[in-house]
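Asks: Before anything else, here's the structure in question.
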Amino acid sequence: MLSFLVKRILATVPVLLIVAVLVFLLLRLTPGDPATIIAGDAASPENVAKIRENLGLSKPLLVQFGIWFGNLMAGDLGESYFFKMKVSTLIGQRIEPTLALSFCTIVIAVLVAVPLGVIAAWKQGGWLDRALMGFSVMGFSVPVFVLGYLLIWLVSLKLALLPVQGYQRIADGFGPFIRHLILPSITLSVIYIALIARVTRAAVQDVLSEDYIRTARAKGLPEVRVLVGHALANAAVPILTVIGIGIALLIGGVVVTESVYGIPGLGRLTVDAVLARDFPTIQGVILFFSFVYVLINLLVDLSYLVFDPRIRY
Amino acid sequence: MHADAPAAPAADLSTEAANVYVRPTVWQRLARHWAVRIGGAAMLLLTLVALAAPVLGTVDPTLFDPGSRDLLPGATGEITTLEGESVKHTFLMGSDSFGRDIHSRVLYGTRVSLIVGIACALLAVLLGVVAGLSAGYLRWLDMPLMRVMDGVMAIPGILIAIALVALWKASLLTVIVAIAIPEIPRVTRLVRSLVLSIREEPYVEAAVSLGTPTLKIMFGHILPNTVAPLIVQGTYICASAILTEAILSFLGVGLPTDMPTWGNIMAEGRVQFQQFPHNVFFPGIFLAVTVLAVNILGDGLRDVLDPKMAKRA
């Protein structure tokens, strides 16, 4: 058991290492001089020279990577050219809105998608099942930003129920904080609900054909307990897996949703950094998001131990 | 005569033959599937719209007229042609803040979206097939190649695309390549897993023992058996590429802003979204319907061509 934990945690190291190499190479292997690319078209020669010096571009590639990676290990993501501060500080400043938005989205998605998926599997072929499968295809197809503007137009402009855009820090009061988060979270959760509900339905459907479900029903167990205590409990692993994999979708969605709703989080930071061609920040944000993604999937893997007692490594 | 011999008994069995189940060909099964019909018809319609854009009541999508700014859908105004003369024009979907015709821009945008979607799908499948065949068939390459793919998959795809477009000068080609790259690992994994199971088939063993060159086995014996799942996968990539291109353009990091793409139209419309929501909604509806059509087509193709995968999802 302990050896499994250690092995599984160690297994993420090579993946993260490769991510670091890829993010490093992203800039260096681009055709053209990286310093000129970063400085932009209108840069003075001194500026380009300074950036070249900063990146250590005159040294061999391997040495460059060594220096960059050493800094990374020390928690130093470099200095932002545009925001004129440490990238790590910048990420720290922008993380709260993104965390709040992601957390609300995951909570909404799980609370909506799992019950829907279970009921759809239970009443297989029924109207809810068909509606859910239809919704699921739609959810994958309606772009986050179109949905976002539709909700703003309907809820904020026509019905005037919620604020149009912006973000309120949680420190400035919980009421306004939540009111600003409702629409972005609903917008972002739709694709996630589509994904989780689809997998929940398939997983529960599989379990429902097992012998022990028939046994549970035969011994007179209430249907709710059959569905929740037996079917859902045994379908937990694929559901958790898809929640973990879906984080990639969520991160992509955060970038768009924060732009639509004017939320000053990491997603907005990514876009601002790209528009300003601020490569240390771009690299830092990509590394950060990838690290979070790998970490969450590690936690999902470890959670199998809790949710499925049959799994004993 | 050999040919006559089987014909004689067949005549006697003619009454029975009516009851014999004849398995329909792939084309017949495809043509009978509702999702293939709906998705295919919608795609056909969109392709026609893209091709016939010049004759569908449009003007050059780059034309503008300061006198026709911010018109509501259906309004009539003037537009200045490239030759400098003013012509009367009905703005079916209104105009934007430069006085450009949204209807023309949206219809011409169909071209861009379809080109990007199809090109991305082809490119990702092509590169994924080469990588997957190599990983599945060349043992020494398997480990390093798949670890790199794991690394790419650990970075949320949209971030890779955003970073690559930011590094390269934004053009149709760079956007296509940037969107296709993060899709490659999934294709590679699919092809590799197919290859690993196909290479154990007796006919491959037979080919090997006959001294068939490795390349011929890979492309002549193994590749044809991966076609069906690849068509399905390619369709989904097409849908997601159309969506990603729109997101990139919408965020301002995609195709050049003078190109009429759905994402660009929405990006320009978002500033005035509160007064003129049509600038965002018309391209949004086209985008959502297109992606939905491709996804439905993909589901249909999957049901018919790849029943094993259909069961899993």
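Asks: Per-residue mean of other chain beta-carbon atoms within 10 angstrom of the beta-carbon, peptide A:292-298?
Replies: 2
Asks: Could you tell me the calculated FRET efficiency between A:T89 and B:V289, based on Cβ-Cβ distance and R0 = 56 angstrom, to the nearest 0.05?
Replies: Approximately 0.80, to the nearest 0.05.
Asks: With the contact rule set at Cα under 8 Å and sequence spacing of 6 or more, what percent relative contact order holds for region A:2-73?
Replies: Reported as a whole number, the value is 22 percent.
Asks: Where does the protein assembly as shown land at 222 nm, in deg cm²/dmol rounded to the nearest 500, when only DSSP H runs of n ≥ 4 count, each adding -39500 (n - 2.57), divided by all residues?
Replies: Calculated at 222 nm, the ellipticity per residue is -22500 deg cm²/dmol.
Asks: Place a +1 charge on the Cβ of each Lys and Arg in chain A and a -1 charge on the Cβ of each Asp and Glu, then give the dipole magnitude about the Cα centre in debye, rounded to the nearest 20.
Replies: 660 debye
Asks: Something else now. Work out the length of the dipole vector of region A:2-73 about its Cα centre, built from +1 on the beta-carbon of each Lys and Arg and -1 on the beta-carbon of each Asp and Glu, and round it to the nearest 20 debye.
Replies: 420 debye
Asks: Now a separate question. Per residue, how much accessible surface does region A:2-73 expose to a 1.4 Å probe? Answer in Å², no decimals.
Replies: That works out to 59 Å² for each residue.
Asks: Still on this structure: Calculate how large, on average over all directions, the projected area of the Cα convex hull of region A:2-73 is; give the answer in nm² to one decimal.
Replies: Value for region A:2-73: 5.7 nm².
Asks: In region A:2-73, with Lys and Arg counted as +1 and Asp and Glu as -1 at Cβ, which of these residues, A:L61, A:N71, A:S3, has the Cα nearest the positive end of the dipole, that is, farthest along it?
Replies: A:S3
Asks: Let me ask you something else. For region A:95-307, what % of the accessible area comes from carbon and sulfur atoms, probe 1.4 Å?
Replies: 71 percent
Asks: Taking H as built 1.01 Å from N, whose amide H comes closer than 5 Å to the amide H of A:E79, not counting residues under 5 places away?
Replies: Here the answer is A:V87, since their amide H atoms fall under 5 Å of that of A:E79.
Asks: When the Debye formula is applied to the Cα atoms of the protein assembly as shown, each taken as the same point scatterer, what base-10 log of I(q)/I(0) results at q = 0.08, 0.11, 0.12 Å⁻¹?
Replies: Those come out to -0.68, -1.24, -1.44, one per q.
Asks: So with the 1.4 Å probe, I'd like the accessible area per residue for region A:92-136, rounded to whole Å².
Replies: 51 Å²
Asks: What does the average come to when, for each residue of peptide B:163-174, you count the partner chain Cβ atoms lying within 10 Å of its Cβ?
Replies: Neighbouring Cβ atoms belonging to other protein chains average 4 per residue here.
Asks: Further, regarding this structure: In region B:244-272, which residues give up 10 Å² or more of accessible area once the other protein chains are added, compared with their chain alone (1.4 Å probe)?
Replies: Checking the loss per residue gives B:I247, B:F250, B:L251, B:G252, B:V253, B:M266, B:R270.
Asks: Follow-up question, since we're still on this one. How high is the FRET efficiency from A:D76 to B:Y21, r the C-beta distance, R0 51 Å, rounded to 0.05?
Replies: Efficiency for this residue pair is about 0.15.
Asks: Which ³J(HN,Hα) values in Hz, rounded to whole numbers, follow from the phi angles of region A:268-280 under the Karplus curve 6.51 cos²θ - 1.76 cosθ + 1.60, where θ = phi - 60° and Gly and Pro get x?
Replies: Going residue by residue, I get 4, 4, 4, 5, 4, 5, 5, 5, 8, 6, 8, 5, x Hz, with x marking Gly and Pro.
Asks: Give me the distance in nm between label points sitting 7 Å out from Cα along the Cα-to-Cβ direction at B:A41 and A:V13, one decimal.
Replies: 5.9 nm
Asks: Same structure, new question: So which residues of region A:122-158 lose at least 40 Å² of accessible area, probe 1.4 Å, when you go from the chain by itself to every protein chain present?
Replies: A:V137, A:S141, A:P143, A:F145, A:V146, A:Y149, A:W153, A:L157
Asks: Related question: If you count, for each residue, the other Cβ atoms within 10 Å and average over each peptide, how do A:21-28, A:187-194 line up from highest to lowest?
Replies: Listed from highest to lowest mean packing, they are A:187-194, A:21-28.
Asks: I would also like to ask the following. Counting only protein heavy atoms, what percent of the accessible surface of region A:2-73 is carbon or sulfur at a 1.4 Å probe?
Replies: Ligands and nucleic acids excluded, carbon and sulfur give 70 percent.
Asks: Can I ask one more? Express the relative contact order of region A:173-313 as a whole percentage, based on alpha carbon pairs under 8 Å and six or more residues apart in sequence.
Replies: Relative contact order, region A:173-313: 25 percent.
Asks: Would you work out which of A:S136, B:L51, B:L196 lies farthest towards the positive end of the dipole of the protein assembly as shown, given +1 charges on the beta-carbon of Lys and Arg and -1 on that of Asp and Glu, about the Cα centre?
Replies: With unit charges placed on the Cβ atoms, the residue in question is B:L196.
Asks: Here's something else I'd like to know. Can you tell me the dipole magnitude for the protein assembly as shown around its Cα centre, using point charges on the Cβ only (Lys, Arg +1; Asp, Glu -1), in Debye to the nearest 20?
Replies: My answer is approximately 1500 debye.
Asks: Starting at the first residue of region A:159-168, write each ³J(HN,Hα) from the Karplus equation 6.51 cos²θ - 1.76 cosθ + 1.60 with θ = phi - 60°, in whole Hz, x for Gly and Pro.
Replies: 8, 6, 8, 10, x, 5, 8, x, 8, 10
Asks: What's the buried accessible area, both sides, between B and A using a 1.4 Å probe, rounded to 100 Å²?
Replies: 3700 Å²
Asks: Considering Cα pairs under 8 angstrom that are at least six residues apart, work out the relative contact order of chain A and quote it in whole percent.
Replies: The value is 26 percent.
The values are calculated or read from the model by the stated rules, or taken from the named source; none is laboratory data. Computed from a predicted model, the values in this text were never measured in an experiment. Note: ideal-geometry Cβ built from the backbone for every residue, glycine included; neighbour counts use all protein chains shown. All accessible areas refer to the heavy atoms of the entire protein, side chains included, with ligands and DNA or RNA removed. Shrake-Rupley method; radii C 1.70, N 1.55, O 1.52, S 1.80 Å.
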